[in-house]
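The structure under discussion appears below in the form of structure tokens.
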Amino acid sequence: MRLRSTIFGCTLYLATIAACTGDDPKTGTGGDGGTVTTSTGGTGGIGIVGSGGSGATGGSRGAGAAGGGSGVTGGSGGAGTTGAGTTGAGTGTGGGGGSGTGCVVGRAVTDQPDDVQGYQVHVNYVLPSNGIDEGLDTNGAIATSVAAFSKWLSGQMGGRQIRLDTCGGQLDIRFFKINQTEMELKAKGIFLRDAIEEAMSTAGLIAPNKIEAVYYGGDSSESCGSGPWPPGLVGHVAGLYLKGTFANPSIPSCASNPLAPNKDTPGYLDFSILHEILHTVGIVPTCAPHHVPSGHVSDSPTDIMYAGNLPWNPSVLDVNKDDYFGANIPGCTDLANSAFLDPLPANAMKPPGW
Ligand SMILES: [Ca+2]
Ligand SMILES: [Ca+2]
Ligand SMILES: [Zn+2]
């Protein structure tokens, strides 16, 4: 079924991951023994350690002097044996890496093992096939942006948190490249978000219990972000379009806005991706007293969900708490009851249609 996207006005025109204990893939300089995902000792090459097991399955890859790739200490135990890669033969060294978490250091191309269960926001850095890779997933830029909006949101919610997908205590960010060019995707117009969701869905990258927050490093013709808005449009991908450019020269490019420089200073882009995440949860519902189409409020331009003619200057989550956070309107979607919150509210609600 073709999902129809909704464009949200609101002038949305607009670190490095620390080592996980015991599972530190270190890029080798030896021969390329091939890519492995789980090593049994001695296999050369650069790989990602699987969840740290014990004994034979959790062994380490060899640190081959002559080219067996570099070692990854994975799991506990698992003495390596001599392994042969495609081009290099490595000698395995023993495991003893402690309790591996299965988290990678550097770029992850999978949804890594979750620290917590339940509904959560998983973060992605997505590029078109010919997109410029700025390494935002590995240089701390996206992690800082997420830290900034989530800290701000927590402050607005009295210490409650939106549940983020983490691995080994660090934000889990997945890298994904879409097999379509930047221009092909830009040509989708208001359906860019749908195209991203479709590509990720086809690749099996959308988990039923997750909002996939996408930092897209490509162009957009319509906005700097968009999101689904259930129940009218049910979806999992909330998109931020970092390189959006517009036909109207009076509208600044999305890239004229920087990502947050630190966790205490969320800015336009950081508020924008949060705005789209809140849409994805079902905010603002039509039953809210200040609702204006589609999924916004009209009562103040300081509201993160504001849309209207005034410049958007987000600094408040639901001004007067009467529309979508703690409004307690029977039958109305309310962020305070969302299953995405930590601690989990009593009678926690999934987004409508999930
Ligand atoms: Ca994960
Ligand atoms: Ca309000
Ligand atoms: Zn919006």
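We did not get these values from a lab; they are worked out from the coordinates using the rules stated. Because the structure is a prediction, the values reported are computed rather than measured. With ideal geometry, Cβ positions are generated from the backbone for all residues, glycine too; neighbour counts draw on all protein chains shown.
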> When you count, for each residue, the other Cβ atoms within 10 Å and take the mean per peptide, how do 331-338, 237-244, 302-309 rank with the highest first?
Replying inline: 237-244, 302-309, 331-338
> Any idea how far the Cα center of region 195-217 sits from the one of region 287-341, in Å?
Replying inline: 25
>> Order these by the 10 Å Cβ neighbour count, fewest first: ASP172, ASP137.
In response: ASP172, ASP137
> Cross-link partners among lysines for LYS321, C-alpha distance below 23 Å, same-chain residues fewer than 8 apart left out?
Replying inline: LYS151, LYS350
>> Can you list residues from other chains, or at least 5 along the same chain, whose modelled amide H is less than 5 Å from the amide H of GLN180?
In response: SER129
> In nm, to one decimal, how far is the SER201 label point from the ALA187 one, both placed 7 Å along Cα→Cβ?
Replying inline: 2.2
> HN-Hα J couplings of region 319-327 from phi, Karplus 6.51/-1.76/1.60, θ = phi - 60°, integer Hz, Gly and Pro as x?
Replying inline: 3, 6, 6, 10, 10, 8, 9, x, 6
> In the structure displayed, which of LYS188/LYS243; LYS243/LYS263; LYS177/LYS243 lie more than 18 Å apart, Cα to Cα?
Replying inline: LYS243/LYS263
> Sorted from fewest to most neighbouring beta carbons within 10 Å, what does the list LEU205, LEU185 look like?
Replying inline: LEU205, LEU185
> Can you sort SER223, SER201, SER298 by how many other beta carbons sit within 10 Å, fewest first?
Replying inline: SER201, SER298, SER223
